[in-house]
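The values are calculated or read from the model by the stated rules, or taken from the named source; none is laboratory data. Only a predicted model underlies this, so the values are computations on that prediction, with no experimental measurement involved. Glycine gets a Cβ as well: all are built from the backbone with ideal geometry, and neighbour counts include every protein chain shown.
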Amino acid sequence: MGGYILKRLISAIPVLLGITIIVFLIMSLIPGDPATAILGSYATPENVEKLNRDLGLDKPMVQRYFIWLGNMLTGDFGRSFSLNRPVIDEVLERFNATLILAGTAFVLCSVLGILAGVVSAARQYGFADKAITFVVLIGISVPSFFLGMMMILLFAVNLRWLPVSGMYAIYGGGDLPDLLNHLVMPALALAAVATGVIARLSRSAMLEVLRQDFIRTARAKGVPERRVIMGHALRAAMVSIIPVLGIQAGFVLSGAVYIEIVFQWPGVGRMLVDAILKRDLLLVQGGVVFVAACYVLFNIAVDVAQSLLDPRIKT
Amino acid sequence: MSAFLRLLFRNRLAALGAVVLAVIVILVLIIPVLPLQNPDATATANRFQKPFSAGHPLGTDHLGRDLLSRLLHGTRLSLAVGIAAAIIAATIGSAIGIVAGYFGGRTDNVIMRLVDMLMAFPYILLALAIVAALGPGLMNALIAVAAVNVPFFARNIRGITVGLAGREFIDAARLAGMGHTRIILTELLPNVLPVIVIAMSTTVGWMILETAGLSFLGLGSQPPQADLGSMLGEARSAMISHPHTSIVPGIMIFLIVMSINLLGDGVRDALDPRLRSGALSRPRATTLVRRSGDIPAPTDDLLAIRDLQTQFHVGRHIYRAVGGVSLAVRPGECLGVIGESGSGKSVTALSVMGLVASPPGVITGGAVYFRGQDLIGAPYETLRQKRGDSVAYIFQDPLSTLHPLYRIGQQLAEAIRSHHGISRAEAHRRAVQLLKDVRIPNAESRVNDYPHEMSGGMRQRVGIAMALANEPDVIIADEPTTALDVTVQAQILSLLDDLRRERGLAIVFITHDFGVVAQLCDRVAVMYAGRIVEEGPTAAVLDAPAHPYTRRLIACVPELGGGRRELAAIPGLPPMVDALPPGCAFAPRCDKAQDSCRSGEIALTGTAPRAVRCLYPEEAV
């Protein structure tokens with residue numbers, strides 16, 4: 001098992017390199033002179049030249065890439081001009097907030113989605129199935145940012161159950177209950193779409209498995225139906241559900257950008273949007289590379305989980 | 001095509017989606033002739049008017065602009081941008097996919113590596129990076145969304161192309177001297193196009209949502225131009241005081257995405273061949289029972305199937321898989337049930353414990369008595385306690401009948417623990433002993449194997465061990481040796497025979513192999529088209545078959561050492577059990593059939609223990 005994890009980690013290296021290359025290439029799409037783009041059109045020629053030198057933009061592209069890559073490997077992602085602090089510091093701080101939000105949403109959508117899918121499949125065409133299918137249809141059709149806004153209107157403004165936005169209360173907050181209180185709505189809004197997608201997939205995966213011969217065998221030997229469903233069938237269905245969980249984690253991470261804007265959550269998504277609007281490209285570049293790399297590592301964890309579940313995968 | 005549309009619209013939700021989408025599209029198309037106000041005309045005195053106010057059916061926004069007009073213009077923009085992004089992504093992605101799939105080899109490898117890397121990004125990061133580089137704006141948002149979706153098309157279309165590229169018509173085109181470009185455009189593309197269109201129809205909603213999202217973030221359409229996303233984004237600051245300015249565009253996005261989703265689901269379902277045949281089975285724990293008519297009386301046999309009728313209801317068709325079958329076994333007895341594929345022997349066996357997949361399976365008549373207790377329609381828990389404990393099954397094809405993800409020891413232990421409250425350790429010890437009983441070498445280490453780590457013969461022994469786990473009174477073996485080679489088959493048969501003599505268990509042995517029947521069974525019943533046509537002691541039936549079908553069936557068996565002789569295959573096919581002819585079901589294939597064979601009900605007659613369902617039997621019984 002240790003060897004398998006190592007093998008997967010090594011196989012991630014070209015992907016991680018590919019990510020840096022792609023980001024580098026996209027950033028070189030910037031029309032005109034990047035230094036002017038960063039400093040704005042009112043910058044003095046001296047400043048532009050200085051920045052060009054600082055960023056190494058006077059060097060050939062390939063050389064520039066390796067300098068950038070080498071710097072990143074030593075933890076130097078450059079300096080954000082709009083915040084006037086190292087990019088990596090800002091990204092790490094913001095990523096922490098995003099992890100709390102996206103991680104909670106991911107757990108929520110996995111548990112709720114699989115559960116809904118299992119119930120739906122076990123009661124196919126029954127009332128529970130129809131109700132779940134209906135809710136799921138609504139769930140996957142509402143844009144998460146609109147859902148978040150409507151939740152604020154209902155639960156924060158009208159019912160006053162939960163705070164409108166932010167991660168902590170401005171006065172007297174900062175502890176865990178305060179965080180949870182602020183987390184409920186954004187996490188639910190963020191989880192909604194993925195829950196629907198996972199529920200749908202789990203349902204069809206379960207229905208596929210329930211038709212298999214080994215389910216008949218389990219029933220034929222007198223295994224109680226609850227165990228047939230939650231044990232035999234779900235375990236086999238997980239083989240096709242887990243890869244989708246990995247994909248959905250990417251969508252949850254993506255959706256977090258909208259939710260962080262709607263709920264004023266101080267995460268990396270909001271940071272990226274602000275950085276784009278302020279043309280702080282080094283911050284965008286560093287944030288994108290960092291989050292994408294984390295996502296690649298997460299997907300390795302998903303693969304490892306899959307190999308633990310399915311003994312037929314050669315490790 | 002018309003069948004496809006009919007299926008699509010039989011799905012009422014898909015039809016609803018189509019209607020909603022059509023209404024939206026038509027409204028957007030007739031914008032020029034609608035009496036709408038200028039969507040960008042500001043009137044700050046009239047800001048935030050409520051819906052249904054004079055002159056503004058949906059009210060006005062924060063600059064006093066007419067919301068209805070802005071909504072329709074915004075919808076038009078959103079739809080146009082989403083569809084444009086879908087077309088661009090589909091075109092570029094499909095081109096990449098076709099090239100990779102058609103040329104294969106290194107080209108394919110390099111391209112797909114790149115595609116995989118693009119897919120390693122959470123999509124929004126890629127989109128944000130592109131917008132960051134190109135700058136905010138609707139056109140750039142469109143490019144970003146299209147670019148993000150290119151890998152999806154590339155990967156899907158490549159998969160299809162790889163399958164097509166190896167087919168004969170491509171080779172033929174190559175041999176005819178056509179160039180690569182021409183082959184791709186005239187031979188491949190027409191075959192791939194439907195897949196591209198379907199993939200597009202399922203992703204276009206998603207792309208509309210993504211561009212709206214980027215606009216919502218302020219990275220897409222810039223004021224005063226507004227798509228649905230930027231309308232929502234602008235309204236957000238006034239959301240609490242004037243929610244209608246948010247709700248109006250939000251609901252429109254919701255309606256568009258939902259109707260496209262519904263339509264997409266409908267398309268997918270309509271294309272699913274299993275749905276088209278209506279043959280999807282549902283996962284019930286026991287077979288449905290809808291018995292009509294009298295319930296036959298119990299007998300003093302150990303297991304007695306009495307006049308059992310099991311049907312499959314698929315769409316409007318009713319398949320009478322089992323049409324009134326009666327069988328019985330006593331302790332220590334082995335009964336063979338023989339017949340061609342589709343004769344109903346497996347369904348008969350599965351009906352005993354309510355294991356017929358249901359729906360479509362329905363038990364419509366008869367009874368199954370175990371020690372005098374009727375199992376048909378018994379409550380689930382009663383049936384469950386008998387399953388495996390009183391009546392156990394051995395199935396064909398042990399690779400698919402064993403759970404692939406559990407160790408065989410766990411599967412054996414579970415069979416015991418489902419009926420007896422013993423500890424895990426004790427169950428494990430018994431599992432090892434069971435493996436030894438069925439003569440699996442190295443049982444102590446084999447018990448930790450997964451099914452895929454064993455050979456076919458070993459797996460079948462595990463299947464037998466599982467059936468023996470609770471020392472049942474009856475074992476129903478459904479072609480347990482069909483998938484095995486002859487030496488393993490012989491071992492398994494002698495194993496079963498030993499067990500029957502040692503433990504006195506009754507065996508119902510289902511097979512299409514007369515050799516197996518001769519070796520193992522005391523009595524044999526021959527089934528044809530869901531009914532028993534002949535029954536009697538094995539030796540008597542084999543020596544002097546009474547039913548023409550039995551005789552012909554035996555004549556089909558090649559005899560070892562019997563020299564070369566002509567094998568007498570039976571002409572024709574068994575009848576479809578949804579349209580059984582009146583009279584004898586075998587009459588159309590029988591060389592002795594008379595007119596009287598083709599009408600009326602023919603009874604099973606004879607003096608016990610033999611019986612035959614034939615008006616002109618080969619032998620009087």
**Q.** Residue in the stretch B:591-621 that is modelled with the highest pLDDT, counting only those that are surrounded by fewer than 16 Cβ atoms within 10 Å (Cβ to Cβ) and β-branched (Val, Ile, Thr)
**A.** B:Thr605
Q) Of the residues B:Tyr102, B:Tyr123, which is within 27 Å of A:Ile26 (Cα to Cα) and under 32 Å from the mean Cα position of the chain (by Cα)? A) B:Tyr123
**Q.** Boolean, B:Pro51 is closer than 20 Å to B:Ser246 by Cα and outside any helix (DSSP H, G or I)
**A.** yes
Q. If you take the residues of the stretch A:247-273 that are in contact with an Asp or Glu (Cβ under 8 Å, 6 or more places away or on another chain) and not hydrophobic (A, V, I, L, M, F, W, C), which of them is farthest from B:Leu118 (Cα to Cα)?
A. A:Pro266
Q. Pick from B:Asn191, B:Asn140: which is of a type in the set (S, T, N, Q), within 14 Å of chain A (Cβ to nearest Cβ) and in a helix (DSSP H, G or I)?
A. B:Asn140
(Q) I'm checking my understanding of the structure. Among residues of the stretch B:99-133 that are buried (at least 24 other Cβ atoms within 10 Å of the Cβ) and among the small types (Gly, Ala, Ser), which one is farthest from the other protein chains (Cβ to nearest Cβ)? (A) B:Gly101
Q: Would you point out which residue out of B:Arg155, B:Arg70 is farther than 30 Å from A:Leu281 by Cα, more than 12 Å from chain A (Cβ to nearest Cβ), buried (at least 24 other Cβ atoms within 10 Å of the Cβ) and touching a residue at least 40 places away in the same chain (Cβ under 8 Å)?
A: B:Arg70
Q) Which of the strands (runs of 3 or more DSSP E) contained wholly in the stretch B:329-408 include at least 2 residues that are within 11 Å of another protein chain (Cβ to nearest Cβ)? A) B:391-394
Q. If you go through the stretch A:194-208 one residue at a time, do you hit one that is over 28 Å from A:Ile313 (Cα atoms) and touching a residue at least 24 places away in the same chain (Cβ under 8 Å)?
A. yes
Q) Tell me, which residue of the stretch B:206-257 that is over 28 Å from A:Arg279 (Cβ atoms), crowded, with 20+ Cβ neighbours inside 10 Å and of a type in the set (S, T, N, Q) is farthest from the other protein chains (Cβ to nearest Cβ)? A) B:Thr245
Q. What are the residue pairs meeting all of these: first residue in the stretch B:462-476, first residue over 10 Å from B:Leu505 (Cβ atoms), second residue part of a loop (DSSP other than H, G, I, E, B) and at pLDDT below 90, Cβ atoms under 6 Å, and 6 or more apart or on different chains?
A. B:Ile464/B:Val438; B:Ala465/B:Val438
Q.
Criterion first (more than 13 Å from every other protein chain (Cβ to nearest Cβ), crowded, with 20+ Cβ neighbours inside 10 Å and within 20 Å of B:Arg446 (Cβ to Cβ)) does B:Ile492 satisfy it?
A. yes
Q. How do the pairs read when you match residues in the stretch A:289-309 that are polar (S, T, N, Q) with residues anywhere that are surrounded by fewer than 17 Cβ atoms within 10 Å (Cβ to Cβ), using Cβ under 8 Å and keeping only pairs 6 or more apart or on different chains?
A. A:Gln306/A:Pro243; A:Gln306/A:Ile313; A:Ser307/A:Met1; A:Ser307/A:Tyr4; A:Ser307/A:Ile313; A:Ser307/A:Thr315
Q.
Taking the conditions exactly as written (among the aromatic types (Phe, Trp, Tyr) and on the phi < 0 side of the Ramachandran plot), does A:Tyr42 satisfy them or not?
A. yes
Q | Options A:Val262, A:Val257, A:Val193, A:Val223; residue that is modelled with pLDDT of 90 or more, farther than 30 Å from B:Ala392 by Cα, facing another protein chain (nearest Cβ under 10 Å) and touching a Ser or Thr at 6+ places or on another chain (Cβ under 6 Å) | A | A:Val193
Q. For A:Leu153, are the conditions met, namely being within 10 Å of chain B (Cβ to nearest Cβ) and either farther than 17 Å from A:Ile198 by Cβ or buried (at least 24 other Cβ atoms within 10 Å of the Cβ) (or both)?
A. yes
**Q.** Count of residues meeting criterion [buried (at least 18 other Cβ atoms within 10 Å of the Cβ), of a type in the set (S, T, N, Q) and modelled with pLDDT under 90] in the stretch B:373-400
**A.** 1
Q.
All but one of (1) more than 7 Å from chain B (Cβ to nearest Cβ); (2) buried (at least 23 other Cβ atoms within 10 Å of the Cβ); (3) under 30 Å from A:Ala169 (Cα atoms) hold for A:Phe290; state the number of the condition that does not hold.
A. (2)
Q | Scope the stretch A:265-281; condition assigned to a helix (DSSP H, G or I) and either more than 7 Å from every other protein chain (Cβ to nearest Cβ) or without any contact (Cβ under 8 Å) to a residue 24 or more places away in the chain (or both); matching residues | A | A:Val268, A:Gly269, A:Arg270, A:Met271, A:Leu272, A:Val273, A:Asp274, A:Ala275, A:Ile276, A:Leu277
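Let's see how each residue does on (1) under 30 Å from A:Cys294 (Cα atoms); (2) among the hydroxyl-bearing types (Ser, Thr, Tyr):
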position	(1), (2)
B:Ser69	no, yes
B:Ala85	yes, no
B:Asp108	yes, no
B:Ala120	yes, no
B:Leu128	yes, no
B:Leu134	yes, no
B:Ala147	yes, no
B:Pro151	yes, no
B:Phe169	no, no
Q | Residues satisfying the stated conditions in the stretch B:403-436, i.e. acidic (Asp, Glu) and buried (at least 18 other Cβ atoms within 10 Å of the Cβ) | A | B:Glu414
Q) Which of the residues that make up the stretch B:576-621 are over 30 Å from B:Arg316 (Cα atoms), of a type in the set (D, E, K, R) and in a helix (DSSP H, G or I)? A) B:Asp595
Q: Mind listing just one residue for me: the one in the stretch A:95-114 that is surrounded by fewer than 17 Cβ atoms within 10 Å (Cβ to Cβ) and under 25 Å from A:Ala233 (Cα atoms) and, of those, farthest from the other protein chains (Cβ to nearest Cβ)?
A: A:Val111
Q. Residues A:Gln63, A:Gln124: which one is modelled with pLDDT of 85 or more and not aliphatic (A, V, I, L, M)?
A. A:Gln63
Q. Does A:Ile132 fit the bill of being within 13 Å of chain B (Cβ to nearest Cβ), surrounded by 18 or more Cβ atoms within 10 Å (Cβ to Cβ) and touching a residue at least 60 places away in the same chain (Cβ under 8 Å)?
A. no
Q: Scan the stretch A:91-119 for residues that are in contact with a Leu (Cβ under 9 Å, 6 or more places away or on another chain) and either closer than 11 Å to A:Arg203 by Cβ or among the hydrophobic types (A, V, I, L, M, F, W, C) (or both) and jot them down.
A: A:Val91, A:Ile100, A:Leu101, A:Ala102, A:Ala105, A:Phe106, A:Leu108, A:Cys109, A:Gly113, A:Ile114, A:Gly117, A:Val118
Q | Filter pass, B:Leu280 being within 10 Å of chain A (Cβ to nearest Cβ), modelled with pLDDT under 75 and either more than 19 Å from B:Arg12 (Cα to Cα) or surrounded by 14 or more Cβ atoms within 10 Å (Cβ to Cβ) (or both) | A | yes
